[in-house]
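S.K.: Quick one: the structure is below, and I'll ask about it shortly.
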Amino acid sequence: MNRRTTLAAALALTAGFALAGCGGDSAPKLSVSGAYMPQPVDQNMAGGFLVIKNSGDTADKLTSVTSDVAKSVTIHTTKDNKMEEVKSLDIPAGGELELARGGNHLMFMGLKKKPAEGQQVTVELHFDKSKPLKVEVPVKSGTYTPKDDGAKTGSGGGGSMDHGSMDHGSMQHDGSQHEGSTEGHSQHDAKK
């Protein structure tokens, strides 16, 4: 090999290594499915549920949610029968974040008007790394569960969740269940 051939081979090899390091798309790749809002029982609050799938090689976080239908939309988790507002929820690389009854979910607080079954609510999901995603969320009956249409059921197994023994912290709560049913609140109302 002459000097010129050796130099060309070394440059090609170096360029190949540099491109190999840049070749993988490491950004999160997010998509949303199974979104729904049970028809709220009153105009104070509503729950929202969906699945965010990340088919990318990098994790992300759901950091906030906005919607014109409510004064605020907050992110909640439920652990040990206690609902807590959180600042963000992790979306693992190659995995998904499920917002479902009995677990992680959205709370629409101070509804500007009560959405009715059959309508759609627009929400914008904001992330730590990815661009915001707008999602049309259909309003379903208050008793709807994802298994009704063959979709995956949530960590709570679907159905209506009893918030009667939950600690809602400093949230104002009038005894109506934000997920579409007033069942299970007689015990909660008696504690007020």
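S.K.: Name the long-range amide H neighbours of D60: under 5 Å, sequence gap of 5 or more, or other chain; modelled H, no Pro or chain starts.
M.R.: Here the answer is I91, A93, since their amide H atoms fall under 5 Å of that of D60.
S.K.: Determine ³J(HN,Hα), in whole Hz, for all residues of segment 102-118 in sequence, where each value follows from phi through the Karplus function 6.51 cos²θ - 1.76 cosθ + 1.60 and θ = phi - 60°; x replaces Gly and Pro.
M.R.: Values per residue, Gly and Pro as x: x, x, 5, 6, 9, 10, 8, 9, x, 4, 6, 8, 7, x, 10, 3, x Hz.
S.K.: Kirkwood-based Rg over Rh for segment 25-141 (C-alpha set), two decimals?
M.R.: Rg/Rh: 0.97.
S.K.: If you don't mind, there's one more thing I want to ask. Short version: ³J(HN,Hα) in whole Hz for each residue of segment 55-60, in order, from phi by Karplus 6.51 cos²θ - 1.76 cosθ + 1.60 (θ = phi - 60°), x for Gly and Pro, what are they?
M.R.: 8, x, 8, 10, 5, 9
S.K.: Mind checking the dipole of segment 25-141: about its Cα centre, +1 per Lys or Arg Cβ, -1 per Asp or Glu Cβ, Debye to the nearest 20?
M.R.: Magnitude of the dipole: close to 300 debye.
S.K.: Something else about it: Taking the Cβ of E124 as the centre, find all other residues whose Cβ is under 12 Å away and add up their charges (Lys, Arg: +1; Asp, Glu: -1).
M.R.: 0
Any read-out appearing in this document is the output of simple, stated calculations on the displayed coordinates, not a laboratory observation. Since the model is a prediction, treat every value here as computed from it, not as a measurement. Cβ atoms come from the backbone with ideal geometry, glycine included; neighbour counts cover every protein chain shown.
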